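Participant: Here it is, the structure, as structure tokens.
The values are calculated or read from the model by the stated rules, or taken from the named source; none is laboratory data. No experiment lies behind these values; they were computed from the predicted model shown. Quick reminder, even Gly has a Cβ in these numbers, built from the backbone with ideal geometry, and neighbours come from all protein chains shown.
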């Protein structure tokens with residue numbers, strides 16, 4: 001998280017997103033309170049990315065059984081189809097509200113909602129639910145796909161003009177040169193580019209799976 005703060009305060013990135021169920025979320029919120037100028041959103045999370053560093057829902061497990069696998073844990077990203085097939089919308093709403101309220105109840109003011117490992121929520125009803133929650137809480141929504149962008153334009157909500165860029169899987173070797181190429185190739189209009197900053201130490205390379213994945217900075221031209 002300090003690397004994310006640095007990337008924003010030094011002008012490399014413009015905002016970030018917070019995964020509330022993660023073990024280091026409280027520390028992240030502490031840093032955000034120390035840096036109130038940082039714009040951040042809530043990275044609505046229905047998945048746990050790792051098997052050896054678990055996190056669970058903020059809601060009581062007995063209230064959201066359709067969001068859990070057969071072991072009683074959150075699904076992994078590899079189980080996206082299974083989650084989307086079984087998740088009840090009322091339980092998704094319960095968990096999304098728990099994550100949003102966990103942030104706003106501390107006095108922090110997020111700017112937007114988005115999703116972890118689910119492009120535009122993964123299902124149309126989850127997208128619609130998120131848009132309704134965003135309007136209720138006075139937030140924007142980061143949508144990536146063209147159908148979602150069209151839907152939000154019809155509701156006069158702000159969206160990017162072009163497809164979402166994500167450099168998470170880019171090889172470290174040659175990354176700087178590739179960044180320069182991508183920057184030069186950005187089309188006119190509002191663009192979004194997600195990066196996952198981390199300090200280049202051994203421990204920080206491990207922590208990017210939990211902390212760095214929270215960052216979703218935007219770039220516009």
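Participant: Restricting to segment 83-92, and then to whatever is in a helix (DSSP H, G or I) and surrounded by 18 or more Cβ atoms within 10 Å (Cβ to Cβ), can you tell me which residue is nearest to the chain's Cα centre (by Cα)?
Facilitator: 92
Participant: I'd like to check something: does segment 169-191 contain any residue that is closer than 20 Å to residue 42 by Cβ and touching a residue at least 24 places away in the same chain (Cβ under 8 Å)?
Facilitator: no
Participant: If you don't mind, another one. Please indicate, with yes or no, whether at least one residue in segment 8-22 is surrounded by fewer than 14 Cβ atoms within 10 Å (Cβ to Cβ) and modelled with pLDDT of 90 or more.
Facilitator: no
Participant: I need the full set of residues from segment 109-125 which are closer than 14 Å to residue 151 by Cβ and either surrounded by 18 or more Cβ atoms within 10 Å (Cβ to Cβ) or within 12 Å of the chain's Cα centre (by Cα) (or both), in order please.
Facilitator: Once the filter is applied, which keeps residues that are closer than 14 Å to residue 151 by Cβ and either surrounded by 18 or more Cβ atoms within 10 Å (Cβ to Cβ) or within 12 Å of the chain's Cα centre (by Cα) (or both), segment 109-125 yields 119, 120, 121.
Participant: Then there is this: Hey, could you check segment 35-76 for residues that are within 15 Å of the chain's Cα centre (by Cα) and in a strand (DSSP E or B) and say which is surrounded by the most Cβ atoms within 10 Å (Cβ to Cβ)?
Facilitator: Here the answer is 42.
Participant: I would also like to ask the following. Conditions: (1) over 17 Å from residue 19 (Cα atoms); (2) in contact with a strand residue (DSSP E or B) (Cβ under 8 Å, 6 or more places away or on another chain); (3) part of a loop (DSSP other than H, G, I, E, B). Residue 163 meets all but one. Number of the miss?
Facilitator: (2)
Participant: Please pick out the residue among 131, 80 that is part of a helix (DSSP H, G or I) and under 20 Å from residue 150 (Cα atoms).
Facilitator: 131
Participant: Quick test of your reading of the structure: residue 148 fulfils all but one of (1) part of a helix (DSSP H, G or I); (2) within 22 Å of residue 68 (Cα to Cα); (3) in contact with a helix residue (DSSP H, G or I) (Cβ under 8 Å, 6 or more places away or on another chain). Name the failing condition by number.
Facilitator: The single condition residue 148 does not satisfy is (2).
Participant: While we're looking at this one, here's another question. Against the condition outside any loop (DSSP other than H, G, I, E, B), over 14 Å from the mean Cα position of the chain (by Cα), at pLDDT below 90 and loosely packed, with under 13 Cβ neighbours inside 10 Å, how does residue 203 come out, does it pass?
Facilitator: When the stated conditions are applied, residue 203 passes them.
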